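Below is one structure, written out as structure tokens; the observations come after it.
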Amino acid sequence: MSYYFAIIGTQDNPLFEYDFGTSKQGGDGMARFTEQARQLNQFIIHSSLDIVEEVQWTNGQMYLKLIDRFFTSYISCFLTASNIKFLLLHQPPSTSSSSSALPHPSSSGSSSTSTLVQSSHHPPTSASTSSLSVIPSLSTLTGGSNSSTPTLIGGGGTSSRTSTSIAANPTSPQTEEAIRNFFAEVYENYVKAIMSPFYKTNMEIRSPVFRARVAAAGRKYL
Amino acid sequence: MSNHLPAGGNGGGGRAGDSGLRYPSNGKTIYHRPLNRTKTAELSKAAFAYLFAEMVSYAQRRVTGIQELEKRLNLQGHPIGLKLLDLLLFREPPRSQLRPLNIIALLHFIKINVWTHLFGRQADRLEKSSNPDTPDEFMIIDNEPLVNAYISVPKEMSQLNCAAFAAGIIEGVCDGAGFPARVTAHTVGDTAGEGGEMWPGRTVFLVKFQPEVLEREALIGAKS
């Protein structure tokens, strides 16, 4: 499960963006987007702004829930009082797009350098052994041999273990609730950010503390 | 953007230096402080009066007329309104955390929530312009605005109403909520209205919404 979170200002300008992966079910909190998908995400988010504008005057709630879908990408939206949009793109791990979803060593190595949740750099070997250690039962099922390719075990492990989790069911009420909690926590920190007398509307949020807080909220709920 | 770059310091606990950010000596940033205030945490009126007097005299520098002075006071209030909107809605209990979707809801929010937060009481009245030519004008009436409590306007500047500052706050709230408007403050205490002589400082905040707001209002009204 990979997430891409963006805060969009009133002029449809990006104020903040952050991508991360799930931390539940032994996930390592890394986004599994390919380089291509990373760039595509921004377009998907931008196109769903139109849907936000349609919904925003018919629903007074701040949390607008799931508003858009683009193939396997689901977009949830939260709209603050001053019309700042929080958009979360979530992509469940799927078998059809296995090349992008599977944590094969090369992609995990590249994402650990580009995603900045963990400051230490994970070599590909340690990432693959950690994914093995969280699913010992599965590795015994497949013969108990550590020599089998870690990509296969990792992929099978996530799909079978997370069938009831928020990652596999982007439309379930549990997912909705988890994202609501995530948005609520980010909103609190966003309000704190704009309370700064030096912050003006539509300014980019650069604070590293804010980024760390968003990362913590992501680890906690998603 | 920045989180795609492998530059350090963005994701971690935030070390000073690489972001140019200075941390307070106790390590507590604004993110560590709660947003909810306790009921009794009020500012002293004297401190506000002193600060506001300084703000007025600051705005008075290098202005040529009363209009410009009021515009400056208005501009000082505008960012406060923008921020108050988010803060006050955040403090609402989750069930009533609703974004204002129409003019009436917005004006009620200003009359009740914003006024109570700023001045410790609600605004006195809310009126819609009775003139059919100006359906875009609404009035928020305050019998004795707190901001004017210790201000006596000199005779030659009788047009001035320093509540232009509060008008700027209202304008900020309206703009932030997606209802762009012009808000001006007018003294009506000396005109003979009902109770006009009882409240010599009575101030009307005239809220004039942009035409697109009314257009959208009509569309939403037709749909629901």
- Any idea how many residues of the range A:66-91 are out of contact with any Leu (no Cβ under 7 Å at 6 or more places or on another chain), of a type outside the set (D, E, K, R) and without any contact (Cβ under 8 Å) to a residue 60 or more places away in the chain? 4
- Note on the structure: Note: among B:Leu87, B:Leu82, B:Leu73, B:Leu69, just one is assigned to a helix (DSSP H, G or I) and closer than 29 Å to B:Gly221 by Cβ, namely B:Leu82
- In the range B:102-127, the residues that are basic (Lys, Arg) and either within 14 Å of another protein chain (Cβ to nearest Cβ) or in contact with a helix residue (DSSP H, G or I) (Cβ under 9 Å, 6 or more places away or on another chain) (or both): B:Arg121, B:Arg125
- Picking from B:Ile66, B:Ile110, B:Ile80, the residue that is β-branched (Val, Ile, Thr) and more than 11 Å from the chain's Cα centre (by Cα) would be B:Ile66
- Message: Tell me yes or no: at least one residue of the range B:45-59 is part of a loop (DSSP other than H, G, I, E, B) and either at pLDDT below 90 or over 29 Å from A:Ser82 (Cβ atoms) (or both).
- Response: no
- Message: Every residue in the range A:1-34 that is of a type in the set (Gly, Ala, Ser) and more than 11 Å from chain B (Cβ to nearest Cβ), please.
- Response: A:Ser2, A:Gly9, A:Gly21, A:Ser23, A:Gly26, A:Gly27
- Query: Do you know which residues across the range A:23-67 are under 17 Å from A:Ser2 (Cβ atoms) and assigned to a strand (DSSP E or B)?
  - Reply: A:Leu66
- Query: Is it the case that some residue within the range B:22-39 is surrounded by fewer than 16 Cβ atoms within 10 Å (Cβ to Cβ), more than 9 Å from chain A (Cβ to nearest Cβ) and at pLDDT 85 or above?
  - Reply: no
- If you go through A:Thr140, A:Thr175, A:Thr151, the only one that is in contact with a Leu (Cβ under 8 Å, 6 or more places away or on another chain), away from chain B (no Cβ under 14 Å) and either at pLDDT below 90 or assigned to a loop (DSSP other than H, G, I, E, B) (or both) is A:Thr151
- A:Ile84 under 21 Å from A:Asn202 (Cβ atoms) and within 11 Å of chain B (Cβ to nearest Cβ): yes
- Message: modelled with pLDDT under 90 and more than 11 Å from chain B (Cβ to nearest Cβ): is that true of A:Asp68 in this structure?
- Response: yes
- Query: Does B:Ile66 satisfy being surrounded by 14 or more Cβ atoms within 10 Å (Cβ to Cβ), over 18 Å from A:Ala81 (Cβ atoms), at the interface with chain A (Cβ under 10 Å from one of its Cβ atoms) and not hydroxyl-bearing (Ser, Thr, Tyr)?
  - Reply: no
- Item | When residues of the range A:178-197 are limited to those that are among the aliphatic types (A, V, I, L, M) and touching a strand residue (DSSP E or B) at 6+ places or on another chain (Cβ under 7 Å), the one nearest to the other protein chains (Cβ to nearest Cβ) | A:Val186
- Among residues of the range B:72-101, those that are touching a residue at least 24 places away in the same chain (Cβ under 8 Å) and away from chain A (no Cβ under 14 Å), counted: 2
- Query: Which numbered condition trips up A:Ile51, out of (1) aliphatic (A, V, I, L, M); (2) over 18 Å from the mean Cα position of the chain (by Cα); (3) crowded, with 16+ Cβ neighbours inside 10 Å?
  - Reply: (3)
- For the range A:1-33, what are the residues that are of a type in the set (A, V, I, L, M, F, W, C) and under 20 Å from A:Met62 (Cβ atoms)? A:Phe5, A:Ala6, A:Ile7, A:Ile8, A:Leu15, A:Phe16
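The values are calculated or read from the model by the stated rules, or taken from the named source; none is laboratory data. Owing to the predicted nature of the structure, the values given are computational and were not obtained by experimental measurement. Every residue, glycine as well, gets a Cβ built from its backbone with ideal geometry; the counts of neighbours run over all protein chains shown.
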